[in-house]
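As structure tokens, the structure follows; a few thoughts come after it.
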């Protein structure tokens with residue numbers, strides 16, 4: 001991955017400072033009670049700078065550096081073409097889950113605030129759809145991808161299902177380590193254990 005330039009690095013730092021300030025204010029005063037002006041003041045930036053990076057209040061949560069849309073697809077695209085698709089997807093999933101572990105506390109804090117905003121919750125689904133689209137494209141671009149869009153879509157959904165289960169489990173009182181949860185789900189699928197819908201042969 002190319003090294004980040006000075007300007008890009010400074011912009012990323014500013015984005016992080018604003019996102020951190022917004023999250024602290026939401027936790028201290030409540031999401032609805034926190035104004036964009038207060039976020040700018042707390043972050044030490046002008047309102048024009050704030051709106052350039054985050055045009056809406058919910059974007060300080062959804063578009064913060066903690067939510068890296070496209071990370072899964074990027075991890076897969078970085079795998080060497082010589083790897084088989086199953087191994088490459090497994091490695092990409094492993095890297096994605098590592099990110100969940102590394103940012104578990106921050107993601108948990110962000111998601112608690114998202115739960116308080118219907119607009120933010122709706123946008124999360126938009127981002128998840130984008131993640132799905134990017135991952136499907138990354139799968140289809142692999143040299144050994146199956147012909148047709150359906151196999152890529154199914155493989156993508158399985159990976160994202162595991163990621164979603166890991167994200168949801170982190171919100172429980174006794175979360176299972178994401179990698180362990182992933183192994184359990186994959187083993188269940190491979191062994192054919194669990195409830196799989198059985199369609200009627202005819203109507």
Review point. How long is the gain from residue 51 to residue 172 if the chain were fully straight, where each residue apart is worth 0.36 nm and the alpha carbon distance is subtracted?
Key: 40.1 nm
Check your understanding: For the modelled label position 7 Å from the Cα of residue 187 along Cα-to-Cβ, which residues of region 71-88 have backbone nitrogen atoms closer than 20 Å?
Key -> 87
Check your understanding: With each run of n ≥ 4 DSSP H residues scored as -39500 (n - 2.57), what mean residue ellipticity at 222 nm is computed for the chain after dividing by its residue count and rounding to the nearest 500 deg cm²/dmol?
Key -> -21500 deg cm²/dmol
Review point. Given the options 180, 23, 160, which has the most mean-square fluctuation in a GNM of the chain, springs set between C-alpha atoms less than 10 angstrom apart?
Key: 180
Study note, to complete from the structure: Between the modelled labels at residue 137 and residue 7 (7 Å from Cα along Cα→Cβ) the distance in nm is 2.4 nm
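If you build the convex hull over the alpha carbons only and average its shadow over all orientations, what do you get for the chain? Give it in nm² to one decimal. Present the calculation step by step, with values, prior to reporting the outcome.
Working: hull surface 59.9 nm².
For the chain, the mean projected area of the Cα convex hull comes to 15.0 nm².
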Check your understanding: Do you know the relative contact order of region 1-129, to the nearest whole percent, from alpha carbon pairs under 8 angstrom that are 6+ apart?
Key -> 26 percent
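Grab the eigenvalues of the alpha-carbon gyration tensor for region 71-191, scale each by 5, take roots, and send me the semi-axes largest first in whole angstrom. Before the final figure, lay out each step's value.
On the way: eigenvalues 132, 59, 32 Å².
Working through the eigenvalues yields semi-axes of 26, 17, 13 Å.
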Check your understanding: When the chain is treated as a GNM, springs tying every alpha-carbon pair under 10 Å, which of 142, 121, 190 comes out with the largest mean-square fluctuation?
Key -> 190
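State, as an integer percentage, the relative contact order of region 96-203 based on alpha-carbon contacts under 8 Å between residues 6 or more apart.
Details: 44 pairs, mean separation 30.6, N = 108.
Contact order relative to length: 28 percent.
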Point to revise | Packing-based exposure ordering (other Cβ within 10 Å, fewest first) of 174, 129 | key: 174, 129
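Could you list 136, 86 in order of exposure, starting from the residue whose Cβ has the fewest other Cβ atoms within 10 Å? All intermediate terms of the calculation are to be shown ahead of the outcome.
On the way: 136 19, 86 10.
Ascending Cβ contact count within 10 Å gives the list 86, 136.
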Point to revise | Inter-site label distance for residue 125 and residue 17 at 7 Å from Cα along Cβ, in nm | key: 3.7 nm
Check your understanding: Going by a ≥ b ≥ c, the root eigenvalues of the Cα gyration tensor, does region 6-57 fall in the rounded group (a/c under 1.5), the prolate group (a/b larger than b/c) or the oblate group?
Key -> prolate
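Since every read-out is calculated from the coordinates, none of them should be taken as a lab result. These numbers come from a predicted model, not from an experiment. Backbone-built Cβ (ideal geometry, glycine too); neighbour counts: all protein chains shown.
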